[in-house]
1. Pull out all pairs, ordered by first then second residue, where Cβ-Cβ is under 8 Å, the residues are six or more apart or on different chains, the first lies in segment 92-105 and is in contact (Cβ under 8 Å) with a residue 12 or more places away in the chain and farther than 13 Å from G9 by Cβ, and the second is surrounded by 10 or more Cβ atoms within 10 Å (Cβ to Cβ) and of a type outside the set (S, T, N, Q).
2. Of everything in segment 72-93 that's part of a strand (DSSP E or B) and of a type in the set (F, W, Y), which residue is surrounded by the most Cβ atoms within 10 Å (Cβ to Cβ)?
3. Identify, from the list I46, I18, the residue that is within 14 Å of L77 (Cα to Cα) and touching a residue at least 12 places away in the same chain (Cβ under 8 Å).
4. So which of G56, G44, G69 is among the small types (G, A, S), surrounded by fewer than 16 Cβ atoms within 10 Å (Cβ to Cβ) and closer than 21 Å to K89 by Cα?
5. Give me the residue from segment 8-41 that is outside any loop (DSSP other than H, G, I, E, B) and among the acidic types (D, E) and, out of that set, surrounded by the fewest Cβ atoms within 10 Å (Cβ to Cβ).
6. Hey, can you tell me all the residues within segment 49-61 that are out of contact with any His (no Cβ under 7 Å at 6 or more places or on another chain) and free of Cβ contacts under 8 Å to residues at least 40 places away in the same chain?
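Please treat every number below as a calculation from the coordinates, not as lab data. Here the structure is a predicted model, which is why all the values come from computation and not from measurement. Cβ sites come from the backbone with ideal geometry, for glycine too, and all protein chains shown count toward neighbours.
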Amino acid sequence: MIPSQMLKGMLEGCILEIIRKKETYAYEISEQLEKYGFGAISEGTIYPIILRLQKGEMIEATLRDSNSGPPRKYYHLTEKGIVALAQFKENWQELEYAINQLFMEVEEVEEGEGTVEEK
């Protein structure tokens, strides 16, 4: 399971990507995150992010009838959301690259190629 502190900064972009793939509602977002290996993310964690995304005009909601209870809010991306998701992906690639560089350097040191200071 991924520690919650590591997830905090990533969930917003991940939720945007899930919504990009398919107009969806909060519980289904939670299920999708779990399916992709994020562990059990409660709706109580997802709702504040959804509200922030709505206030930032990155997503919009449409109320639809549900077969199992009251109507549900289905979320879809706006133009701002598409731009925000593209920026998230770019930032993620930069972060992933930097972390991989760091870990590869550490692995080289552990394999006896010298110390980090010598590089």
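1. Here the result reads E105/V116, each pair linking segment 92-105 to a residue that is surrounded by 10 or more Cβ atoms within 10 Å (Cβ to Cβ) and of a type outside the set (S, T, N, Q).
2. Only one residue tops the list, namely Y75.
3. Working: I46 fails: within 14 Å of L77 (Cα to Cα).
When all the criteria are applied, what remains is I18.
4. Numbers: G44 fails: closer than 21 Å to K89 by Cα; G69 fails: closer than 21 Å to K89 by Cα.
Result of the check over G56, G44, G69: G56.
5. If we filter segment 8-41 for residues that are outside any loop (DSSP other than H, G, I, E, B), which is where we start, we get 8, 11-21, 24, 26-35.
Subsequent filtering for residues that are among the acidic types (D, E) retains 12, 17, 28, 31, 34.
Values: E12: 18, E17: 15, E28: 16, E31: 14, E34: 12.
The residue in question is E34.
6. If the condition is that a residue be out of contact with any His (no Cβ under 7 Å at 6 or more places or on another chain) and free of Cβ contacts under 8 Å to residues at least 40 places away in the same chain, then I49, I50, L51, Q54, K55, G56, E57, A61 are the ones that fit.
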